[in-house]
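No lab work stands behind these numbers, since they all come straight from the coordinates. All values reported here derive from a predicted model rather than from experimental measurement. Positions of Cβ are generated from backbone atoms using ideal geometry, with glycine treated the same way; all protein chains shown enter the neighbour counts.
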Amino acid sequence: MAIAVFFVAAAMAVLGGIGVVAFHQPIRSVLSLVLVMLALSVLFLLLSAQFVFAVQIIVYAGAVMVLFLFVIALLGPARELGRGRLRFQGWLSALFVLVLLGLMWGLLQGVQYRQPDQGDLSFFGTVQSIAVGLFTTYLYPFELTSILLLVAAIGAIYLSRKRIDDL
Amino acid sequence: MSALNIGGSQLDASWFLLLSAVLFVLGAVGVLVRRNPLVILISIELMLNAANLALVAFSRQLVNIEGQLFALMSMTVAAAEAVVGLAILVDIFRTRDVEDIDDLSELRG
């Protein structure tokens, strides 16, 4: 059962990923990415990461993707022209991607898995276990992340303000 | 090879890692061949998601919560990156229409 779920979700994710790259209209790329994120959230559930699953749906597929859709709606349907393409760019990127894929394949062949820690799988991945990690050992990175969000919000407001000479 | 027992079935951790590698490479293809700056940002999001999948898979394999914590951090960074990147794009598009990312190569408004 879990194997079937894995393969369906994996196929959806790969199809969505191909869609992100292949569709010519940005809005279709965004919707393909939403498909990828939903498929990945199913995989997170398989890996017993319930909290990450919820965050993936709410923050990623919800908020971030809606932000992309808003910007596309704001900017209007952008066309993508083939002109101005650098020579050999397609070949170079194909070569780069093949090398990258080969590198990752080689890495995966050499992965040596450590013995798993002694953990309680019924407790693993719950909100409680996440919170224990986040507010004890990793409190400092957590606070830094909140500062990062504040900086990003201020930066976005600064960048999208109305300039004096626009008025 | 490291089999994970999920709901009575045996899934291998390397399947998740392979899927993550494929998605990451697809995102890299998008960054390299697409011309629209918006689609390049979307492809970067795809790569970040692929990395998250690898983190969560390792976290499950080790039964160690730290991978999931790091995935949460990376989601936050991805959200911040999307916000700032889109704000820059909106700011550029306000003065002119960019159909090709190479139009921005001179770093001038």
Fewest-first ranking of A:Tyr113, A:Tyr158, A:Tyr140, using other Cβ atoms within 10 Å as the exposure measure: A:Tyr140, A:Tyr158, A:Tyr113
Shielding of A:106-112 by partner chains, average beta-carbon count, 10 Å: 2
Mean Cβ neighbour count within 10 Å, used as a protection proxy, ranking A:10-20, A:100-110, A:62-72 highest first: A:10-20, A:62-72, A:100-110
For the stretch A:122-167, alpha-carbon Rg over 2.2 N^0.38 Å: 1.92
Efficiency of FRET between A:Phe96 and B:Asp91 - r from beta-carbon atoms, R0 51 angstrom, step 0.05: 0.95
Average beta-carbon neighbours from other chains, 10 Å sphere, peptide A:131-143: 2
Descending semi-axes in Å of the protein assembly as shown, equivalent ellipsoid built from Cα gyration tensor: 34, 24, 15
Residue-averaged beta-carbon neighbours from other chains (10 angstrom radius) around A:21-30: 5
Evaluated over the stretch B:3-104, the Cα radius of gyration and Dmax, each in Å: 17.3, 58
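Taking the Cβ-Cβ separation of A:Gln89 and A:Asp117 as r and a Förster radius of 51 Å, what is the calculated FRET efficiency to the nearest 0.05?
0.65
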Dmax and Rg, reported as Rg then Dmax, of the stretch A:1-78 (C-alpha, Å): 13.6, 44
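In terms of the Cα gyration tensor, with a ≥ b ≥ c the square roots of its eigenvalues, is the stretch A:22-66 rounded because a/c is under 1.5, prolate because a/b exceeds b/c, or oblate?
On the way: a/c = 5.53, a/b = 1.97, b/c = 2.81.
Oblate.
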Simple label model, 7 Å out from Cα along Cβ direction - A:Arg28 to B:Asp12, nm: 3.5 nm
Where labels lie 7 Å past Cα in the beta-carbon direction, separation of A:Leu103 and A:Ala153 in nm: 3.7 nm
